[in-house]
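Colleague: Could you have a look at this structure, given as structure tokens, before my questions?
Every number here is computed from the coordinates shown, using simple stated rules; none is lab data. The model shown is predicted, which means the values in this text are computed figures rather than measured ones. Because the Cβ atoms are built from the backbone with ideal geometry, glycine has one as well, and the counts that use them run over all protein chains shown.
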Amino acid sequence: MLYGWRTRNPIVWAANAKICEKVTPSLLDDAQDPALQAACVEMCTSLYPGKPLELPDMIMRGAYGHIKHHRQAYRGTASLVDAAMSRKIPNSADALFSVGYARV
């Protein structure tokens, strides 16, 4: 079963990734799964038609242009995810679209 989400919040990303066996984009390691990447593109296209997804990082530009992101300090896994997100999507209006193989 596939599970997908769009976010720029490290806590949300880490919590959703935790319920999955494998996730793309992988923020905590360099693992690439072409089948999961293809599923990510397909799911994003279905949920957000006309909203392009930048590969291979699965970036949605301007997804959160309507809200203001307030940076904060994170601890634990969320701090590692925050650092990776900051490198991939430094603009607070951008988001990651992620898909994982849900543990069932």
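Colleague: So for the stretch 2-102, taking the charge dipole from beta-carbon charges (+1 Lys/Arg, -1 Asp/Glu), which of Gly4, Ala63, Pro34 sits furthest toward the positive end?
Modeller: Selected residue: Ala63.
Colleague: Right, here's the next one. Which of the trypsin sites (Lys or Arg not before Pro) found in the stretch 51-104 are loop residues per DSSP with 12 or fewer other Cβ atoms within 10 Å of their Cβ?
Modeller: Passing sites in the stretch 51-104 are Lys68, Arg71, Arg75, Arg103.
Colleague: I would also like to ask the following. Express in % the proportion of alpha carbon pairs of the stretch 52-93 at distances exceeding 16 Å.
Modeller: Roughly 43 percent, once rounded to a whole number.
Colleague: Given an 8 Å cut-off on Cα distances and at least 6 residues of separation, report the relative contact order of the stretch 2-102 as a percent.
Modeller: 50 percent
Colleague: Using R₀ = 30 Å, calculate the FRET efficiency as 1/(1 + (r/R₀)^6) where r is the Cβ-Cβ separation of Thr45 and Arg87; round to 0.05.
Modeller: Once the sixth-power term is evaluated, E becomes 0.75.
Colleague: What full-extension length gain, to one decimal in nm, is calculated for Ala35 and Ala15 as 0.36 nm per residue of separation minus the Cα-Cα distance?
Modeller: 5.0 nm
Colleague: Let me ask something additional. Direction-averaged shadow area of the convex hull around the Cα atoms of the stretch 11-101, nm²?
Modeller: Value for the stretch 11-101: 5.8 nm².
Colleague: Which stretch or stretches of the stretch 5-28 have amide N atoms under 18 Å from the point lying 7 Å from Ala73's Cα along the Cα→Cβ direction?
Modeller: Once the point is set 7 Å along Cα→Cβ of Ala73, 10-11 turn out to lie under 18 Å by backbone N, inside the stretch 5-28.
Colleague: What dipole magnitude, in Debye to the nearest 20, does the stretch 2-102 give about its Cα centre under +1 on Lys/Arg Cβ and -1 on Asp/Glu Cβ?
Modeller: My answer is approximately 460 debye.
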